[in-house]
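Each remark here refers to the structure printed beneath this line.
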Amino acid sequence: MTFESPLSESKVPDHSSASVESASRARDRVAVMVDAVAESEAASGAPSAPAQTAERIMEALARLGYRPLELSLKPNEIGEWVKRIIDGDFDFAFNLAETLGGVAEGEHLMAAAVELLEIPMTGASAATLLYCLNKGHCAAMLRANGVAVPDWATIDAGDPPPEDWQKFPAIVKPAAEDGSNGIHPSSVVRSMEKLRETVARLQVDWSDLVIQEFIQGREINLAIVGDQMLPPAEIDFSTLPEGSPPIVSFEAKWMSGSPEDRGTRPICPAQLSPEQVKELQRTAGRAWRVMGGGGYARIDIRLADDGTAYVIDVNPNPDLSLDAGLARQAGVAGWSYDELIGKIVETARIPASGADEVSAEWTFVEPREPAVEPA
């Protein structure tokens, strides 16, 4: 997605003269955890959602006074990787692993290893990462706890869509993926015939799928860091090509300059009434609590024409790239990129009993920067 971010390199503070606080951190060794396969695919331009680069985050950590060390997990080197963690005398881990061996279903496993070693870690627990990745399981947990979600059905490997599905338009997605992998304009279908075609096409690359009722309406992104709710953003779909569905597809996220990229423009802060903002933030907070969330997250909500706020995705450990949504929302809140990374570090902890503790109270951060408007 193309946007003009208020968060620029010029706003990153100069930490060259170390403060007393940063000096006290100078001994803090940080294991920056990444998946080597995902990083190499991103560098090679492979046709998949790129992994966020660790380089800029490590630079921010260094400016903040920490000693970061990239801990990259390579295929068939799990034992060596675990030994490096044990021998590294790390004060905490900064978890940037979104896959294991390039496969999204393994996202939670590096986090689980760190938890077993009782090393404080940024972001969500292994349990939350696992629960949120599977879209069907996540929807079931949310609905059981009173959070509105679109109707859905799961499709096991090789199975056709359920014959009694009647909720059209619908959207078909891989059941356990993120970064819009597998989501294209053709993923939104309006008939059983198209549903069958789309399911068959996706099953070439993914085993389990999920069908969701496609909610027509505004798409709002809510961002959470610790116990703070950042100003919400909205995706403006008004300049998408005619006939292209209003979704943030793979093309919109990762194919710079494509019609879908140019047609999905963020507005931050979203143009909402104060009452709407608070209600959406309460919905996002409720969803994050249900999933045992902690650390930082992005909650995607569709605001239907009747006013119902449907949670369509709960994203723990979202992309921290400088031009990604969380950094944009932090910039509108008046935070520099270094401040965002520092606040995420402050949330690092050892999850209790495999689950994160979520604050009972939220701090709602007001916008301090001008809105980012569509061109």
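None of the figures in this text is laboratory data; all of them are computed from the coordinates on show. A quick note: this is a predicted structure, and the numbers were derived from the prediction, not measured. Every residue, glycine as well, gets a Cβ built from its backbone with ideal geometry; the counts of neighbours run over all protein chains shown.
Cα extents for the range 193-251 along the principal axes, largest to smallest and rounded to whole angstrom: 42, 31, 21. Couplings for the range 334-346, taken from phi via the Karplus curve 6.51 cos²θ - 1.76 cosθ + 1.60 with θ = phi - 60°, read x, 8, 6, 4, 4, 5, 4, 4, x, 5, 5, 4, 5 Hz in order; Gly and Pro are left as x. Scanning residues 5 or more positions from PHE92 or on other chains, those with amide H under 5 Å from its amide H are ARG29, ALA31, with H placed 1.01 Å from N in the peptide plane. If every alpha-carbon in the range 219-362 counts as one equal scatterer, what log10 I(q)/I(0) does Debye give at q = 0.14 1/Å? Calculated log10 I(q)/I(0) at the listed q: -0.68. The residues packed around TRP206, meaning those with a beta-carbon under 13 Å from its beta-carbon, carry a net charge of -4 if Lys and Arg are +1 and Asp and Glu are -1.
Assuming a ≥ b ≥ c are the square roots of the Cα gyration tensor eigenvalues, decide whether the range 72-123 counts as rounded (a/c under 1.5), prolate (otherwise, with a/b larger than b/c) or oblate. Oblate, since a/c reaches 1.5 and b/c is not below a/b.
Its Cα gyration tensor gives the range 152-267 an equivalent ellipsoid, and the semi-axes of that ellipsoid, as √(5λ) in whole Å with the largest first, are 26, 17, 14. Computed over the range 69-193, the P(r) tail beyond 23 angstrom holds 46 percent of alpha carbon pairs. Rg of the Cα atoms in the range 104-156, relative to 2.2 N^0.38 Å, amounts to 1.36. Let me check I've understood the local charge: for GLY106, count other residues with C-beta under 10 angstrom from its C-beta, Lys and Arg +1, Asp and Glu -1. What total comes out? Taking every other residue near GLY106 into account, the sum is -4. Database remark: amide H of LEU100 closer than 5 angstrom to the amide H of GLY106, GLU107 (H placed geometrically; neighbours at sequence offset of 5 or more, or on other chains; Pro and chain starts carry no H).
Restricting the calculation to Cα atoms, the range 217-298 shows an Rg/Rh of 1.03 when the hydrodynamic-style radius is the Kirkwood one. Note down the relative contact order for the range 199-328 as a percent, whole number, built from C-alpha pairs under 8 angstrom at least six residues apart. Contact order relative to length: 26 percent.
Taking a Cβ cut-off of under 13 Å around GLU80, the surrounding Lys, Arg, Asp and Glu residues balance to a net charge of +1, with basic ones at +1 and acidic ones at -1.
Contact order for the range 64-190, expressed relative to its length and based on alpha carbon pairs under 8 Å spaced 6+ residues apart, stands at 17 percent.
In the structure shown, the pairs LYS83/LYS343; LYS74/LYS135; LYS74/LYS253; LYS194/LYS278; LYS74/LYS343; LYS253/LYS278 are assessed against 32 Å; a Cα-Cα span above that value is assigned to LYS194/LYS278.
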